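Colleague: Can you read through this structure? Questions will come right after.
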Amino acid sequence: RQHHRTSIESVKVASLRVTVFVMRGVHITRFAALDGNGRPSKTLLPIRQVLRLENLAEHQAIGANKIRVETHYAGVQYPDFLQAKGLYQIKPQLPYVPGMDSAGVVVGKGSNVNRFRIGDRVLVNTALCKDGQGGTGALAEKVTVSQEACFPVPDDLPLHSVSNIGRNYCAAYHALKVLGDVSRGDLVLVDGASGGVGMATVELAKAMGCHVIAGVSSESKAQFPGQAGADRVLVYGRTKESYTNFKVDAKQAAKELGHSQGATLVVDVVNGELFDALVSCVKPLGTICLVGFTAGQRPIRPGLLLIKEVRVVGSLWGRWARENPVQFSNN
């Protein structure tokens, strides 16, 4: 949580005095896994070596449709880590301030902003900025964003509880409803279920009335999706043998939950060698939604999808949300 006072510096340029507001923020000036030419580096730098807490200039003017928010909490997630390496699907122009999600208080607004007032408590998601901010900028004392990227936070809800909603709950909801179109009584299987998107998927799927099988990589992680409401928690491990055992256990769990043909929807944030086992767990005409690939990527076998009659769809909720702002706001 950041509570440094924003300072003001006056810079004299060609007999003009320009007022620049200075704030503190995290700055990334190079990618940890890439060299100076943007090619894979032989040496992977520790993430700490590419992060700097620095004074950043903030111009006083605010655009007509913009809101300036004082950051009280900011979310940090796995995609931020990948982005700092230079390995994320969205690669910001260097240097940049990382961070998609934050929560704080409105301290300034443009002339066309009517939805918010100074002092309002808001959730900020920089991925929704139509001017290309691209899910960055939140790890700073203040952030200036399009008003479409802000949402009011009820007074009885702590700000820290909403500072990770974007990358986690928005991704999970998009997979479950926009792409998966699940209904009450459907069976959802999610891997990586102890992580942010996985836990959000468990919680939202249960709130929608679905049965949920949660997969985790080790026994030490099993308690988390269980506490979130998963009907079954299974360990898939990290070997081909353990993946096979997980497939058998998941099919049995599906039968016990009344879904003998398998899951309606699989939310896959792991991919890698686990993917074939997931295909075996989907019912005919079911869906696998690819949200991430924390275990790396591998070629998908079309023949396996053909035999199972499975639909595989990629999920990037940010683009859809920017193009469908009313539907996203309703979600």
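The values are calculated or read from the model by the stated rules, or taken from the named source; none is laboratory data. Everything quoted here is computed from the prediction, not taken from an experiment. For neighbour counting, all protein chains shown are included, and Cβ atoms are generated from backbone atoms with ideal geometry for every residue, glycine included. For accessibility, only protein heavy atoms count, side chains too; no ligands or nucleic acids. Shrake-Rupley method; radii C 1.70, N 1.55, O 1.52, S 1.80 Å.
Colleague: Just to be sure before I move on: is Gly196 open to solvent by 30 Å² or more (accessible area, probe 1.4 Å), in contact with a Phe, Trp or Tyr (Cβ under 8 Å, 6 or more places away or on another chain), in contact (Cβ under 8 Å) with a residue 40 or more places away in the chain and not basic (Lys, Arg) in the structure I sent? Show your work before the answer.
Modeller: Numbers: open to solvent by 30 Å² or more (accessible area, probe 1.4 Å): yes; in contact with a Phe, Trp or Tyr (Cβ under 8 Å, 6 or more places away or on another chain): yes; in contact (Cβ under 8 Å) with a residue 40 or more places away in the chain: yes; not basic (Lys, Arg): yes.
Criteria met by Gly196.
Colleague: If you go through region 199-208 one residue at a time, how many are open to solvent by 20 Å² or more (accessible area, probe 1.4 Å) and out of contact with any Gly (no Cβ under 6 Å at 6 or more places or on another chain)?
Modeller: 5
Colleague: What residue, of Ala254, Ala222, Ala228, is in contact with a Leu (Cβ under 7 Å, 6 or more places away or on another chain) and hydrophobic (A, V, I, L, M, F, W, C)?
Modeller: Working: Ala222 fails: in contact with a Leu (Cβ under 7 Å, 6 or more places away or on another chain); Ala228 fails: in contact with a Leu (Cβ under 7 Å, 6 or more places away or on another chain).
Only one candidate qualifies: Ala254.
Colleague: From the residues in region 130-175 that are aliphatic (A, V, I, L, M) and open to solvent by 20 Å² or more (accessible area, probe 1.4 Å), which one is modelled with the lowest pLDDT?
Modeller: For region 130-175, the residue satisfying everything is Ile165.
Colleague: Also: Would you pick out the residues in region 56-102 that are farther than 19 Å from Tyr169 by Cβ and acidic (Asp, Glu)?
Modeller: Glu58, Glu70, listed by residue number.
Colleague: Can you tell me which residue in region 105-129 is surrounded by the fewest Cβ atoms within 10 Å (Cβ to Cβ), limited to those that are closer than 11 Å to Gln147 by Cβ and polar (S, T, N, Q)?
Modeller: Filtering first and then ranking leaves Asn114.
Colleague: Follow-up. Is it the case, given these coordinates, that Ser10 is at positive phi and modelled with pLDDT under 85? If you could, list the steps in order and put the result at the bottom.
Modeller: Details: at positive phi: no; modelled with pLDDT under 85: yes.
Against the criterion (at positive phi and modelled with pLDDT under 85), Ser10 does not qualify.
Colleague: Please enumerate the residues belonging to region 187-209 that are under 22 Å from Val248 (Cβ atoms) and in contact with a strand residue (DSSP E or B) (Cβ under 7 Å, 6 or more places away or on another chain).
Modeller: Leu187, Val188, Leu189, Val190, Asp191, Ala193, Ser194, Gly198, Val202
Colleague: Check whether at least one residue in region 63-70 is without any contact (Cβ under 8 Å) to a residue 40 or more places away in the chain and either closer than 23 Å to Thr294 by Cα or out of contact with any Gly (no Cβ under 6 Å at 6 or more places or on another chain) (or both), and report yes or no.
Modeller: no
Colleague: So which of Leu265, Leu274 ends up being buried (at least 19 other Cβ atoms within 10 Å of the Cβ), in a strand (DSSP E or B) and in contact with a helix residue (DSSP H, G or I) (Cβ under 8 Å, 6 or more places away or on another chain)?
Modeller: Of Leu265, Leu274, the one residue that is buried (at least 19 other Cβ atoms within 10 Å of the Cβ), in a strand (DSSP E or B) and in contact with a helix residue (DSSP H, G or I) (Cβ under 8 Å, 6 or more places away or on another chain) is Leu265.
Colleague: Report, by residue number, each residue of region 40-95 that is crowded, with 17+ Cβ neighbours inside 10 Å, in a helix (DSSP H, G or I) and β-branched (Val, Ile, Thr).
Modeller: The answer is Val50, and nothing else.
Colleague: Which of the residues spanning region 214-262 are among the small types (Gly, Ala, Ser), closer than 21 Å to Pro284 by Cα and touching a helix residue (DSSP H, G or I) at 6+ places or on another chain (Cβ under 6 Å)?
Modeller: Ala214, Gly262
Colleague: While we're looking at this one, here's another question. Pairs needed: first member in region 280-304, among the basic types (Lys, Arg); second member anywhere, in a loop (DSSP other than H, G, I, E, B) and surrounded by fewer than 19 Cβ atoms within 10 Å (Cβ to Cβ); C-beta distance under 8 Å; at least 6 residues apart or different chains.
Modeller: The qualifying pairs are Lys283/Gln261.
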